[in-house]
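Written below as structure tokens is the structure these notes are about.
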Amino acid sequence: MDDPGGGGYSWRRVETEVPDLAARVQARLTAGRHCVLATLAPDGAPRVWGTEIRFAGGELWIGAMPGSAKVRDLDRDPRFALHGPPLDEEMTAGDAKVRGRLERVFTAEEARPFLAELVATGGPPDAGTALGTGGALPFAAYRARLVGMALTRVDHEAGELVVEHWRPGAGVGVSRVR
């Protein structure tokens with residue numbers, strides 16, 4: 001379901017194209033429990049939310065409460081940015097960001113890897129019920145289609161801010177700022 005012409009890449013495709021950067025970005029995004037998700041409000045203003053993410057079945061997944069403003073934002077305009085938890089005060093491991101669009105998944109069958117990961121990691125009990133019955137999802141589930149990714153870190157020895165960035169088909173670029 002990758003659409004490099006504009007819809008973005010699945011996480012698996014990103015891992016295939018840039019495995020080293022993908023592994024480090026995933027490590028930073030999962031370093032803590034919560035990430036910061038940015039969506040667009042109806043008036044076009046940015047809006048940020050705390051959110052949990054999961055990597056499962058070659059996808060980056062985000063879940064949300066049905067009927068929430070977050071779901072309304074994403075169903076209206078699926079563009080998003082996700083910022084990992086800034087837990088490394090020295091910024092030596094890096095600060096991860098991804099962006100793209102979130103594609104809503106409506107059935108338990110389609111979301112099976114996500115549901116299984118939620119069950120395995122102590123997610124909501126209704127995830128197990130949905131996994132067992134294979135019916136409709138009890139929450140909104142989205143898989144990411146990525147159009148950009150960055151890992152920003154501080155190289156203390158060189159006294160530089162180092163930004164490794166990726167876009168589909170462009171490979172990894174590196175910018176250094178003194």
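Here are the numbers:
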| quantity | calculated |
| --- | --- |
| Every pair of residues 6+ apart whose Cβ atoms lie under 6 Å, when the first sits in the stretch 130-158 and is part of a loop (DSSP other than H, G, I, E, B) while the second is not hydroxyl-bearing (Ser, Thr, Tyr) | Gly134/Ala108; Gly134/Glu109; Gly135/Ala108 |
| Residue check for Arg76: of a type in the set (Lys, Arg), at pLDDT below 95 and out of contact with any Ser or Thr (no Cβ under 8 Å at 6 or more places or on another chain) | no |
| Residues of the stretch 28-53 that turn out to be within 12 Å of Pro86 (Cα to Cα) and either in contact with a Pro (Cβ under 7 Å, 6 or more places away or on another chain) or exposed (fewer than 15 other Cβ atoms within 10 Å of the Cβ) (or both), as a count | 5 |
| Scan of the stretch 73-111 for residues that are buried (at least 16 other Cβ atoms within 10 Å of the Cβ) and assigned to a helix (DSSP H, G or I), ordered by number | Asp73, Leu74 |
| Single unsatisfied condition, His156 versus (1) crowded, with 16+ Cβ neighbours inside 10 Å; (2) over 20 Å from the mean Cα position of the chain (by Cα) | (1) |
| Some residue of the stretch 113-127 being in a loop (DSSP other than H, G, I, E, B) and of a type in the set (D, E, K, R) | no |
| Pairs, first among the hydroxyl-bearing types (Ser, Thr, Tyr) in the stretch 164-178, second at pLDDT 95 or above, C-beta under 6 Å, six or more apart | Ser175/Val163 |
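Yes or no, residue by residue, for (1) in contact (Cβ under 8 Å) with a residue 40 or more places away in the chain; (2) small (Gly, Ala, Ser); (3) part of a strand (DSSP E or B):
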{"position": "Arg33", "(1), (2), (3)": "yes, no, no"}
{"position": "Ala38", "(1), (2), (3)": "yes, yes, yes"}
{"position": "Pro42", "(1), (2), (3)": "no, no, no"}
{"position": "Arg47", "(1), (2), (3)": "no, no, yes"}
{"position": "Gly50", "(1), (2), (3)": "no, yes, yes"}
{"position": "Arg54", "(1), (2), (3)": "yes, no, yes"}
{"position": "Trp61", "(1), (2), (3)": "yes, no, yes"}
{"position": "Gly67", "(1), (2), (3)": "no, yes, no"}
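The values are calculated or read from the model by the stated rules, or taken from the named source; none is laboratory data. Remember, predicted model here, so these are calculated numbers, not experimental data. In this analysis, Cβ positions are derived from the backbone assuming ideal geometry, glycine residues included, and neighbour counts consider all displayed protein chains.
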